[in-house]
Amino acid sequence: MLGTVLLLLALAKPVCPTPDSAASRRAEALKRLLEVFGMEDPPAPPAHVKQPPQYMVDLFNTVANADGVTKNPDILEGNTVRSFLDKTHGEKMRFLFILSSVAKNEKILTAELHLFRLWPRATHGPKRHHFCQVSVYQVLEKSEPEAPGGKKLLAARLVSLQGSGWEVFAITQAVRDWMEDESSNQGLLVTVQGLGGSLLDPPLLQFASSGDHHESKKPMLVLFTDDGRRGASLPMAGFPGGSYLQPRAPVLPAKLGVPGLTGPRSTRSLDRLQPCQRHPLSVDFEEIGWSGWIISPRGYNAYHCKGSCPFPLGENMRPTNHATVQSIINALKLSEGVSSPCCVPDKLYSINLLYFDDDENVVLKQYDDMVAGSCGCH
């Protein structure tokens, strides 16, 4: 008899989570969070302190606010922007960009070569040139790019010899070729010609190189791509640019690393008595150990929806017609097993992350359905 009592007491006693189970729960939560961001493992932080290209920082600030929330869903072409620095280490007019970090399923929408035009050299005598022609070629034969058939013209235009600044050339087809056959990536060749068509040696116009100039002026390849990741297929009406409800959102603890329930039962009961409304939900990238590779934002407010949807549902509850009918059926007990509507997000916004990938390239990626814009009864 005593043994039976002790057994019942042991079964009734609440089991506290062990440190091992807490660590396991945290690891699983972080893994699920990485899946939301389309990653299997977090990128390693850069080995040395690196400044992201100013172009990528400016682009992030254009498409997102300080919390990373998208200002306008139509600004970006696709959902990913990748930047790559030149790997030739000093060759003046030859450029090579390694694209191994681009996934095979990413659709290349636009590719741009960004070159920083230096101030022209001082020349003696009267200035005879105000413009020159800059041509960008895809190198087909690495050893003899100047030979017939050794290169293919990608872009050409007149460039002023006055002042300095960035010049951008579209090279989309070359990058698509490289993605189909990685071994075909023999780099790019840039030439400068006078208006008469002759090559100028030394060229009157020069661009900053990867070895001799400040990192902020280094040659850069920028790719605008789409990885095919979108929200679920249930469009929500009334949200500019469209919004979606995720049918299989990963279930994460309210605070990563803290297993179990988030509060006393009385508090949770009180929450259910409150009307459906939006509440803060902070995601701190430093707290979860991601601040080493994420550049911006440092975190964001995802918000969450909490509260009751009591009968009758008022307009302030933003109910769908289906939720209104369900509420009536539940209140009148016209059918068994029908619960009251649930308090869920009815507007969802995307966020943007600016981060270093495994190759220390800077990536800007947009993720749909990450912030609850408002809540309603559904």
**Asked** Does Ala22 fit the bill of being touching a Pro at 6+ places or on another chain (Cβ under 7 Å), among the aliphatic types (A, V, I, L, M) and at pLDDT below 85?
**Response** yes
**Request:** Determine which member of the set Ser135, Ser164, Ser101 is out of contact with any strand residue (DSSP E or B) (no Cβ under 6 Å at 6 or more places or on another chain) and at pLDDT below 95.
**Result:** Ser101
**Request:** Answer yes or no as to whether Ser160 is open to solvent by less than 50 Å² (accessible area, probe 1.4 Å), of a type in the set (Gly, Ala, Ser) and under 31 Å from the mean Cα position of the chain (by Cα).
**Result:** no
**Fill in**
Over segment 55-78, the set of residues open to solvent by 30 Å² or more (accessible area, probe 1.4 Å) and assigned to a loop (DSSP other than H, G, I, E, B) is Asn65, Ala66, Asp67, Lys71, Asn72, Pro73, Asp74, Ile75, Glu77
**Residue in segment 329-352 that is open to solvent by less than 10 Å² (accessible area, probe 1.4 Å) and touching a residue at least 60 places away in the same chain (Cβ under 8 Å) present** = yes
**Prompt:** Does segment 304-319 include one or more residues that are on the phi > 0 side of the Ramachandran plot and open to solvent by less than 60 Å² (accessible area, probe 1.4 Å)?
**Reply:** yes
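The values are calculated or read from the model by the stated rules, or taken from the named source; none is laboratory data. Nothing here was measured: the structure is a model prediction, and the numbers come from that model. Note that each Cβ is placed from the backbone with ideal geometry, even for glycine, and that neighbours are counted across all protein chains shown. Remember, those area values only see protein heavy atoms, side chains included, never the ligands or the DNA or RNA. Shrake-Rupley method; radii C 1.70, N 1.55, O 1.52, S 1.80 Å.
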